[in-house]
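Derivation of every value follows stated rules applied to the coordinates shown; laboratory data play no part. These numbers come from a predicted model, not from an experiment. Because the Cβ atoms are built from the backbone with ideal geometry, glycine has one as well, and the counts that use them run over all protein chains shown.
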Amino acid sequence: MNAPLFHQALVDNLADGVLLVGADGTMSAWNCAAERMTGIDAAEVLGRVWSCRHLALRDEEHRAITDSDCPIGAALATGEQVIRRLELRGRGGRFVPVEMHVIPVFEHDGELQGAAVVWRDVSSTLSLEARCQQLHELATRDPLTQVANRAEFDRVHSSFVAVHLERHSPYSLVMVDLDHFKSINDHYGHPVGDIVLATLARLLKSFCRLGDLVARYGGEEFAILLADCPGAAATHRADEIRRAVSELPISALGGKHISASFGVTEVRPGDTPQGMLERADRALFCAKERGRNTVVYLGPQQTGQSLAEIVTNLRHAVTGSAR
C-alpha cells in the first residue's frame, strides 16, 4: 500500500475541513471538504502563507477575526492546541458556524513543524442547542412573567436548602403577594392584571443578584430565593423592594400604585425545604394580617413578628430583668 496516497485519500474523504500549515505559515494541504465548505480550490491556497482573509473568519458575535487574534497564529506562536467556535465564509458568501481545532505538530526533537487545522460545521449542533434551550425555558419559565415557574422553584429551593446546610452558610426565602390583586382583575380586567404581574416580576428581578432566583409561585404570589443571605439582610432587601413596589406607577392602571406583602425566613440547622416554605408562608400571612404592604420575618422559633417588634420585645425583656 502506498502510504502517502492512503493518507491523502483518508484526509480527502473526511467530512471536516483540513488545512496543514507550516511553522512559517505556508499552507501545504487543503482537503476536499475544505474546498466544498469554502468554495476555494486547493490550487488557490497551497504554497501561500496563511492569512485570516482566506477563510474570512468571524467570532461568534460576528466580528471579523484579524491575524493578530487568529487561532492558527496563536497555536503557531505558543505551541499549544487551540479550540474555538467561529464562523467562516462558505460557498456563496454565507457564513457557516464551525468548531476549529488547531493542533501544533512537532518534530521528534521538539521543534515546531507547523499545525493541523480541522474545522467542523456545527450548524446542526447549534440548532439542537438552541432547541434544547427553548425546551429548557418552556419547562422552567413562567410564560407570562418570564421568571422561574413553580417546578423550577421547587427544584432550586430544595437544592439551596441542601447546599447551604452542608456549607453552614445563610440562605433566605422571601414570599411575596400582590395586595388586592382580585380587585385589580375585577375592576380593570385580566389583561391588565397580567400586565401588573409582569411589571412586578421585572421589579423583583431588578433587585436580585447573580445566583438569586425569582419565581412565580402561583397566581399573584412570587418567591425570591436569596443565596448566601442571612435573615436580617433578606428582611432589609424585602423592605427595599416593598418601598419600590409602592412607589412604582403602573401605566396600565392609569398611573396608580400597587403594594405587596412580604414574608421572610432563613434556613436553620435541620431545616427542610417544606418547613422553610411553611415558615415563609406564615410570615406572609402575618404581613397581610397586619394590614398588607409590610414585611414580616419569621425564624424557626417565632410566631410571626416584624424585626421592629422583635427588637422592641427584646428591649422590654432586658429592661424587665434589670428591675
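Assorted remarks:
- Label-to-label distance for ALA232 and GLU278 is 2.8 nm, based on points extended 7 Å past Cα in the beta-carbon direction.
- Note on the stretch 141-322: antiparallel DSSP beta bridges, both residues inside, total approximately 85 percent of the bridges counted.
- Surrounding net charge for LEU165, when Lys and Arg each add one and Asp and Glu each subtract one, Cβ distance under 12 Å: -1
- Tilt relative to the chain, helix 123-140 - C-alpha long axis, 0 to 90 degrees, to 10: 10 degrees
- Diffusion of the stretch 141-322 by Stokes-Einstein, at 20 °C in a medium of 1.002 mPa s and with Rh set to the Kirkwood radius over alpha-carbon pairs, works out to 128 µm²/s.
- Tensor-based shape of the chain (alpha-carbon gyration tensor, a/c under 1.5 rounded, otherwise prolate or oblate): prolate
- Choice from ALA42, ALA244, ALA151 showing the highest fluctuation, given a GNM over the chain with Cα pairs closer than 10 Å: ALA42
- Whole-Å semi-axes of the stretch 16-79's equivalent ellipsoid (Cα gyration tensor): 18, 16, 10
- Chain lengthening between ARG290 and ASP12 when straightened (0.36 nm per residue, less Cα-Cα): 92.3 nm
- Seen against the Cα atoms of the chain and their longest principal axis, helix 190-206 is set at about 70 degrees.
- Net charge contributed by nearby residues that have their C-beta within less than 13 Å of ALA56 (K/R +1, D/E -1): +3
- Comparing GLY193, GLY219, GLY92 in a Gaussian network model of the chain where C-alpha atoms under 10 Å apart are linked, the largest mean-square fluctuation is found at GLY92.
- The convex hull defined by the C-alpha atoms of the stretch 170-253 has an orientation-averaged projected area of 5.2 nm².
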